[in-house]
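Trainee: Take this structure first; my questions come after.
Every number here is computed from the coordinates shown, using simple stated rules; none is lab data. From a predicted model like this one, the values you see are computed outputs, not experimental measurements. Quick reminder, even Gly has a Cβ in these numbers, built from the backbone with ideal geometry, and neighbours come from all protein chains shown.
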Ligand SMILES: Nc1ncnc2c1ncn2[C@@H]1O[C@H](COP(=O)(O)OP(=O)(O)OP(=O)(O)O)[C@@H](O)[C@H]1O
Ligand SMILES: [Mg+2]
């Protein structure tokens with residue numbers, strides 16, 4: 001069953017000459033974790049705001065849990081949980097009070113509320129900080145509390161806009177594990193946005209890659225990676241080097257040049273590196289570094305846009 005259905009969605013902000021969201025379509029199935037991945041200004045937050053009824057689309061349709069985001073706002077709101085890109089906790093209240101306030105808004109009865117608060121605190125491991133004011137929380141703790149808050153009312157779908165923005169690697173990984181556990185234990189459908197390839201890779205089977213308001217690729221990570229190739233060998237060298245010689249190697253299936261880097265796509269790169277170095281030596285090209293890797297989302301992005309993801 002589709003929990004999210006987006007068709008031909010467009011958003012133009014007043015005064016902008018371009019569409020922040022430009023005819024995008026995608027569906028997310030029940031229980032899925034789906035990521036919108038893209039650089040700054042791609043249109044991710046705008047999409048999330050439309051799906052959570054905070055912004056009206058210019059045209060197109062979007063349904064969440066079967067309800068139209070334009071015609072049935074209240075039903076959509078009851079079916080979803082959100083973590084915003086900007087923190088939105090009440091810092092003067094304790095963690096528990098923040099959760100309690102939220103649960104009351106959703107009309108959860110006192111006993112059920114108390115039980116549920118214990119349950120969500122446990123999932124994000126904040127039981128012992130529950131009665132501390134939020135302004136004494138670290139960035140990671142605040143994020144965990146926001147995560148706990150967004151699913152307290154048993155939503156069908158969660159929207160997490162950059163759930164690990166500004167967090168260190170260790171905390172980020174913990175948040176990922178909570179997101180996974182939440183998805184596992186409650187079967188909730190999750191749409192998240194991220195700049196981080198590793199994040200989408202860790203959490204999602206399927207991604208939509210957004211760039212300048214458009215979804216430029218929509219597929220499973222596996223398919224996207226298959227498209228790019230099995231092994232990539234990147235060579236760092238002077239940008240003026242004659243790189244055509246690498247293109248001519250019979251085991252090289254594809255070839256990209258970017259600044260000082262040439263990336264060659266091939267099978268069994270581990271066995272081919274000596275031959276590549278041999279050619280470089282013969283042609284008098286000084287190789288400054290060699291990197292052998294499996295394709296990342298960065299490569300996928302480069303493949304579709306010809307640009308790097310962080311520009
Ligand atoms: N309220 C607004 N008024 C006018 N333009 C806006 C508004 N909000 C966003 N935009 C523009 O719409 C485009 C998409 O912005 P959006 O915030 O959706 O991107 P994003 O993918 O979430 O980026 P980031 O990764 O930086 O969070 C950008 O060009 C942005 O400048
Ligand atoms: Mg954003």
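Trainee: So how far apart, in nm, are the two label points at residue 248 and residue 97 if each is 7 Å from Cα heading toward Cβ?
Mentor: 7.5 nm
Trainee: Taking Cα atoms, how many degrees apart are the long axis of helix 269-283 and the longest axis of the chain, rounded to 10 and kept between 0 and 90?
Mentor: Taking the Cα atoms of the chain, the angle to 269-283 is about 50 degrees.
Trainee: Okay, next question. Could you give me the percent of Cα pairs per 5 Å distance bin for region 6-48, shortest bin first, beginning at zero and ending with the bin that holds the maximum distance?
Mentor: Percent of pairs per bin, in order: 6, 19, 27, 25, 13, 6, 3, 1.
Trainee: Now for a different question. Please compute the Kirkwood hydrodynamic radius over region 78-184, one decimal place, Å, based on all pairs of different Cα atoms.
Mentor: That comes to 13.7 Å for region 78-184.
Trainee: How are the Cα pair distances of region 186-311 distributed, in percent, across 10 Å bins from 0?
Mentor: Result, from short to long distances: 11, 40, 28, 15, 4, 1 percent.
Trainee: On a 0 to 90° scale, report how tilted helix 169-186 is relative to the longest principal axis of the chain, with both axes built from alpha carbons and the result rounded to the nearest 10.
Mentor: It works out to around 60 degrees.
Trainee: Something else now. Most fluctuating residue of 134, 83, 290 in a GNM of the chain with Cα springs under 10 Å: which is it?
Mentor: 290
Trainee: Under 16 Å from a point 7 Å along the Cα-to-Cβ line of residue 125: which residues of region 153-188 have their amide N that close?
Mentor: 168-182
Trainee: When the gyration tensor of region 230-294 is built from Cα positions, what are the square roots of 5 times its three eigenvalues, in whole Å, from largest to smallest?
Mentor: The equivalent ellipsoid of region 230-294 has semi-axes of 16, 12, 11 Å.
Trainee: Then there is this: What is the gain in length, in nm to one decimal, between residue 111 and residue 201 on full extension, counting 0.36 nm per residue of separation less the C-alpha to C-alpha distance?
Mentor: Length gained, residue 111 through residue 201: 28.5 nm.
Trainee: Ranked by Cβ crowding within 10 angstrom, fewest neighbours first, how are 176, 91 ordered?
Mentor: 91, 176
Trainee: Apply 1/(1 + (r/R0)^6) to the Cβ-Cβ distance of residue 278 and residue 181, taking R0 = 41 Å, and write down the FRET efficiency to the nearest 0.05.
Mentor: 0.25
Trainee: On a 0 to 90° scale, report how tilted helix 95-105 is relative to the longest principal axis of the chain, with both axes built from alpha carbons and the result rounded to the nearest 10.
Mentor: It works out to around 70 degrees.
Trainee: Let me ask you something else. Report the normalised scattering of region 2-224 as log10 I(q)/I(0) at q = 0.10, 0.12 Å⁻¹, calculated by the Debye formula with identical scatterers on the alpha carbons.
Mentor: Once normalised to I(0) and log-transformed, intensities are -0.43, -0.63.
Trainee: Same structure, new question: So which residue, out of 262, 245, 124, gets the largest mean-square fluctuation from a GNM of the chain using Cα contacts under 10 Å as springs?
Mentor: Among 262, 245, 124, the largest mean-square fluctuation in the Gaussian network model of the chain belongs to 245.
Trainee: OK, next. Suppose R0 equals 51 Å; then what is the FRET efficiency for residue 73 and residue 256 from their Cβ-Cβ distance, rounded to the nearest 0.05? Write down the numbers at each step before the final one.
Mentor: Values: r = 45 Å, r/R0 = 0.89.
Here the calculated transfer efficiency is 0.65.
Trainee: So if I take the alpha carbon set of region 139-203, get Rg, then get Rh from the Kirkwood formula, what is the Rg over Rh ratio?
Mentor: So for region 139-203, dividing Rg by the Kirkwood Rh gives 0.92.
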